[in-house]
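Asker: First the structure, which I've put down as structure tokens, then a few questions once you've had a look.
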Amino acid sequence: MALKLHGKQHINKDAEIPTASLADIVFLLLIFFLVTTSMNPDKGLGLTLPPPGKEVKLTKENVLSVYINSEGKILIGEEIITSDQIRERVEKRLNENPELVVSLVTDAKADYNSMVNALDEIKLAFKDLKKENPKFKEKISLATPVF
Amino acid sequence: MKVTAKNKGSAKIPTASIADIVFLLLIFFMSVTVFKQFQGLKVELPAAKATKKIEKKRIITHIWIDSENHLNIDDMPITLQKIAPLMSKKMQENPAIIVSVRADKHAKYGIVAQLLEELKKSNALRVNFATLTKGGGTS
């Protein structure tokens, strides 16, 4: 009896999962992820804000104020300049005094675009100086306008 | 003298490993993909040269400001007053959050400054002004 059963066993046939289509499925998934992946990363001008309530006292000599009025005109020191002159001016002043903090004072009615432009130029100026001296620290402050 | 063609065997490209290669690629893309979560407002971003990429996509909170001073945080319309409490909550969950300000270039700076004040209140100090890249810029 036992012998007969043994002879009838069919389970040694290979049980296989069909894998031929696996590659196709994986390909489809791959194409899906390829399409959905956005390769354009978020870009922008980074800045760290000062913590609230912590006021840092600065002496007048160590601050370079860049003013932007409601019409987008830019003033450094006593001079009205165009936005492409900012970089050069800021660099010159930074070379004279590396401790300098650049303060960007923008009118509440000015366009955001002009503020970003000025910030960009200031950042570029710092970047140039960083190339010469990697230890150079970027010190930019955004003044709060009066509303 | 007989010249015999030796390469009679059919030339085949081994395809057995294609699946493995594709699997690797798939896993790479699966781990890299961050789905775009929010639609945001329609804004015209300003352009800048000194732009930097934000590498850590998963810790960014986006705030949109359009030219009509509408504010929007992660697809939720919001008022200025409500930003500080909301951001404080977010900062508690993850103190490393970077706030990406996606403001329209025609927006007034006043609203951006007010937003920055609110962010300061909620201790969200890492801010990024989203811009496009102007030609000639590096990185």
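Only the coordinates and a few stated rules stand behind these numbers; no lab work does. All values reported here derive from a predicted model rather than from experimental measurement. Neighbour counts are summed over all protein chains in view; Cβ atoms, including those assigned to glycine, are modelled from backbone coordinates with ideal geometry.
Asker: Can you list residue pairs whose Cβ atoms sit under 6 Å apart, with the first residue in the range B:18-46 being within 21 Å of B:THR133 (Cβ to Cβ) and the second being surrounded by fewer than 16 Cβ atoms within 10 Å (Cβ to Cβ) and aliphatic (A, V, I, L, M)? Count only pairs 6 or more apart in sequence or on different chains.
Answerer: As it stands, the answer is B:LEU45/B:LEU132, since those pairs meet every condition given.
Asker: So A:LEU58 passes all but one of these: (1) touching a helix residue (DSSP H, G or I) at 6+ places or on another chain (Cβ under 9 Å); (2) part of a loop (DSSP other than H, G, I, E, B); (3) away from chain B (no Cβ under 14 Å). Which condition number does it fail?
Answerer: All conditions pass for A:LEU58, except number (1).
Asker: When only residues in the range A:86-135 that are surrounded by 23 or more Cβ atoms within 10 Å (Cβ to Cβ) and among the β-branched types (Val, Ile, Thr) count, which is farthest from B:PHE129 (Cα to Cα)?
Answerer: A:VAL90
Asker: Which residue is nearest to B:ALA50 (Cα to Cα), if the candidates are limited to the range A:25-49 and must be more than 7 Å from chain B (Cβ to nearest Cβ) and in a loop (DSSP other than H, G, I, E, B)?
Answerer: Applying the first criterion (more than 7 Å from chain B (Cβ to nearest Cβ)) to the range A:25-49 yields A:25, A:28, A:31-32, A:35, A:39-40.
So of that shortlist, the ones also in a loop (DSSP other than H, G, I, E, B) come out as A:39-40.
Values: A:MET39: 20, A:ASN40: 16 Å.
Only one residue fits best here, namely A:ASN40.
Asker: Give just the number: which of (1) within 24 Å of B:GLU44 (Cα to Cα); (2) within 9 Å of chain B (Cβ to nearest Cβ); (3) in contact with a helix residue (DSSP H, G or I) (Cβ under 6 Å, 6 or more places away or on another chain) does A:PRO52 not satisfy?
Answerer: Every listed condition holds for A:PRO52 apart from (1).
Every residue, every condition in (1) farther than 12 Å from B:THR61 by Cα; (2) among the β-branched types (Val, Ile, Thr); (3) free of Cβ contacts under 8 Å to residues at least 24 places away in the same chain, yes or no:
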site	(1), (2), (3)
B:ASN72	no, no, no
B:ALA103	yes, no, no
B:ILE111	yes, yes, no
B:ARG126	no, no, no
